[in-house]
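Right, one structure below, let's go through it.
The values are calculated or read from the model by the stated rules, or taken from the named source; none is laboratory data. None of these values were measured; they are calculated from a predicted model. When we count neighbours, we look across all protein chains shown, and the Cβ atoms used for this are built from the backbone with ideal geometry, even at glycine. The accessibility values were calculated without ligands, DNA or RNA, using every heavy atom of the protein model including side chains. Shrake-Rupley method; radii C 1.70, N 1.55, O 1.52, S 1.80 Å.
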Amino acid sequence: MEKPNITILIVDDTVANLQILTNIVTAEGYNILLAQSGEEALRVANEYHPDIILLDVMMSKMDGFDVCRQLKANPATKPIPVIFVTARTDVEAVEKGFDVGGDDYVSKPFNDRVLLARLKNHVERYQRERELAINRERLNTALDAAQIGSFAIKLPEKTWIPDVQLMRLFGITSEESEFDLNKWYEHVIPEDMENVIKRINACLATEAFCKFEFRIRDQKGGLKWFRCSMQVTETNEKGETLLVVGVNVDITKEHSMLDTIRQQEETLAQSRKLKAMGQLTGGIAHDFNNMLATILGFAELLSEDLKDDEEHSYYCKNITDTCERAATLTNQLLTFSRKQGKLTTAIDLHNLVLRSIDLLQHSLGKKIKIKHKLEAKEHFIMGEFAQLQNILLNMGFNARDAMPNGGIFELTTENIAVYEKDLARLPIDIEPGNYVTLHIRDTGQGMDKRVLAKIFEPFFTTKDAGKGTGLGLSTAYGTINAHNGAIYAESTPGEGTVFHIYFPVSALKPEKEEAESGTSARNSVQGGTILVIDDEEAIRLMLSKTLKYVGYDVLNAATGKEGIGLYKKEQKNISAIILDVVLPEMDGVQIYKALKEINPNIPILVSSGFASNKQTIELRDMGVEGFLKKPYRQSELVEAVNRVVAESGE
């Protein structure tokens, strides 16, 4: 094989080594450049741009590693392959050589055949890359030219004459250059045929300019969009058309971009819709929790008064049980509206999946086969274990309902790095970063686009009346967003559904699980006066009745200003304060600061309908002594008050 016109730069500070390498390289027909120092090598490489560099490592002043590092830092010399030729064969030296950008390593004393084989390998790679660059340039030129194809139509024969570019775009491989007009029509998809024939005939009958779009099927069966512009250019003395010329422009990419924009607009609209619904449901849930707190509190007081009346005690128990179920429903609404607490616990997602599978094994039935493939290398996330497990269990139950005749329920994980450039193609709103992605697939009935667009909306369900609340997936949506993650689904009717869930990877590892401590019985009452600041009269009355019932004195205030004034007047007698977060005029944070300025040691319990609005989180960070989430049981209230009163007296 004829040797290519390849120039090799040989760098060595020893004349004998330069001579040996020169003899070997020139014997094979390669051109050479020589350098006896690192500085000279950099100058020669930058000036002459050799095809390959043979570089000694152990040189005075500037060693080979430093030379290579500077070569690779220079855009002009970065692509040049560097082969180290050195007596250093230790692992550290080899690793360092590759770290600074070296492409290969030959050890001294070297075997001539080994050195030439390495050179040949890099020469062949150089040839391939050069040929690839030439072919790529040709291909780009062809693609640019092929975007527009021209044609002519001769009348009265209706002869269609496409140019080479248009024939290539249409996938016509015939040796002929003229065709009947029907040849064009053969490529048009049936849905566009009537309009194409109508527009072309209209143009042939007049001298009017004609412009329209149509689609064809390419040789692989894919759709290609074209925009046609045509004009009558010749007529006879009677005004009859003799010649029409025109162009067909491939606008497939344009339509693809428009489709992407439409999808993004739909995704954005859906996201805004869900956000608006979240704000609405969050507000409703907050007010509803206030009502539940009142009902639950008075029901428990009534139960105490009627504890010897079995029938009425049963009624009271039903009221309290119903309140707790309603509170669960409200928490689901708050989850959807992203008003859940700050998540600071490290979780092993793989452990979560495996434990959830253990529970599902007994619930999905023998007809459904559960599979898992946990391939993510980084699978620690920050979150709430119980909330996430509820998501997996709910999805498992949904999959079971979608596969009445059995099927496959599969959970897989992988690590995905999301970059800025990836955001436009993803149908979710997330930040760039490293994610562990959980894919949950079933082979069930699947969903059409109409249903798929609504599955994360609260109260939307495809189940029969009475068989579903429609809050499962909306709760999942809110919970995952609260975990700084994202979820979307893909589904095909008759083939099944796949949910894709993204969680940010956490550097923190989970702590070892600890046994849950049992709930203690109601502590003995400490005694003292409690100041209640809440704008809901029913809440104030319920708290007063409950606290007085167990032995506390109570002072009430409907506003922050009234509460602060009352505390200034009675602070010597007040043992603790129960403070609502959402109040008119002054909010919970402002009131808390004002009270702490009067007495930094006064214990304050914060009470709110949800656990993580902005004020509640700020109060937690400020060190509030306790938190009561509405609705709460009488025992929870008394235990919290007893605790802060006892701690303040220590």
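Being surrounded by fewer than 13 Cβ atoms within 10 Å (Cβ to Cβ) and of a type in the set (Lys, Arg) holds for only one residue in ARG128, ARG88, and it is ARG128. Taking the conditions exactly as written (within 23 Å of MET403 (Cα to Cα) and either of a type in the set (Val, Ile, Thr) or modelled with pLDDT of 85 or more (or both)), does ILE480 satisfy them or not? Here the answer is no, as ILE480 does not meet what is asked. In the set LYS183, LYS198, which member is among the charged types (D, E, K, R), open to solvent by 50 Å² or more (accessible area, probe 1.4 Å) and either in contact with a strand residue (DSSP E or B) (Cβ under 8 Å, 6 or more places away or on another chain) or at pLDDT below 85 (or both)? Residue meeting the stated conditions: LYS183. Against the condition in contact with a Pro (Cβ under 7 Å, 6 or more places away or on another chain) and either over 17 Å from ASP12 (Cβ atoms) or open to solvent by less than 80 Å² (accessible area, probe 1.4 Å) (or both), how does ILE52 come out, does it pass? Against the criterion (in contact with a Pro (Cβ under 7 Å, 6 or more places away or on another chain) and either over 17 Å from ASP12 (Cβ atoms) or open to solvent by less than 80 Å² (accessible area, probe 1.4 Å) (or both)), ILE52 qualifies. Just so you know, in segment 365-389 the residues that are open to solvent by 50 Å² or more (accessible area, probe 1.4 Å) and over 15 Å from HIS350 (Cα atoms) include one that is nearest to the chain's Cα centre (by Cα), and it is LYS369. Among the residues of segment 214-244 satisfying the criterion of being loosely packed, with under 13 Cβ neighbours inside 10 Å and within 53 Å of the chain's Cα centre (by Cα), which is nearest to GLY171 (Cα to Cα)? Result: GLN219. Taking residues in segment 623-643 that are without any contact (Cβ under 8 Å) to a residue 40 or more places away in the chain, and partners anywhere that are part of a strand (DSSP E or B) and of a type in the set (Lys, Arg), the pairs with Cβ atoms closer than 9 Å and at least 6 places apart or on different chains are GLU636/LYS629. Pairing residues of segment 521-541 that are charged (D, E, K, R) with residues that are assigned to a loop (DSSP other than H, G, I, E, B) and at pLDDT below 90, at Cβ distances under 9 Å and at least 6 apart in sequence or on separate chains, gives ARG522/VAL550; ASP534/LEU583; ASP535/VAL582; ASP535/LEU583; ASP535/PRO584. Only one of the numbered conditions (1) modelled with pLDDT under 90; (2) open to solvent by 30 Å² or more (accessible area, probe 1.4 Å) is violated by ILE430, and that is (2). Restricted to strands (runs of 3 or more DSSP E) entirely inside segment 1-102, those with at least 1 residues that are free of Cβ contacts under 8 Å to residues at least 60 places away in the same chain and more than 17 Å from LEU116 (Cα to Cα) are 31-35. Residues of segment 214-233 that are within 21 Å of GLU254 (Cβ to Cβ), outside any loop (DSSP other than H, G, I, E, B) and either small (Gly, Ala, Ser) or in contact with a strand residue (DSSP E or B) (Cβ under 6 Å, 6 or more places away or on another chain) (or both): PHE214, ARG215, ILE216, LEU223, LYS224, TRP225, PHE226, ARG227, CYS228, SER229, MET230.
Any idea which residue in segment 522-535 is surrounded by the most Cβ atoms within 10 Å (Cβ to Cβ), counting only those that are at pLDDT 85 or above and not small (Gly, Ala, Ser)? Break it down stepwise before answering.
Residues of segment 522-535 at pLDDT 85 or above: 528-535.
Cutting the leftovers down to not small (Gly, Ala, Ser) gives us 529-535.
Details: THR529: 16, ILE530: 22, LEU531: 25, VAL532: 24, ILE533: 29, ASP534: 25, ASP535: 17.
The selected residue is ILE533.
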